[in-house]
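Chemist: Quick one: the structure is below, questions incoming.
The values are calculated or read from the model by the stated rules, or taken from the named source; none is laboratory data. Since the structure is predicted, the reported quantities are computational estimates derived from the model, not experimental observations. So basically every Cβ, Gly included, is an ideal-geometry build from the backbone, and we count neighbours across all protein chains shown.
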């Protein structure tokens, strides 16, 4: 089990999937490019059994930013998407941000988890 202090260290940002393709030689992996406003990151995600690249293009999803990069099947993954498994079905967590706020502050949205927790209280 992790402590709340450990949980507060997580840096989560909302990003938009701008590129998705299957990782060659795998059944489960997709290589994604995520637009995070100030940068585009490559991620490898085990979601290909649930989603095709066309199904996820343009989706906005939460991304764990401060995870140590890792090479997976020759592709460096620079973060992790956040989703849940419900009875074997992968469900994306969908951000609930007002359109006007997002348009004005998209590049600035990078709340440490603790800050989001305090803002909601």
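Chemist: Just to check your reading of the model, which residue among 47, 61 is surrounded by 14 or more Cβ atoms within 10 Å (Cβ to Cβ) and assigned to a loop (DSSP other than H, G, I, E, B)?
Modeler: Sole residue among the options that is surrounded by 14 or more Cβ atoms within 10 Å (Cβ to Cβ) and assigned to a loop (DSSP other than H, G, I, E, B): 47.
Chemist: Yes or no: residue 16 assigned to a strand (DSSP E or B) and either modelled with pLDDT under 95 or farther than 19 Å from residue 68 by Cβ (or both)?
Modeler: yes
Chemist: Give segment 19-32 a look and list any residue that's more than 16 Å from residue 64 (Cβ to Cβ) and in a strand (DSSP E or B), or say none.
Modeler: Selection gives 19, 20, 21, 22, 30, 31.
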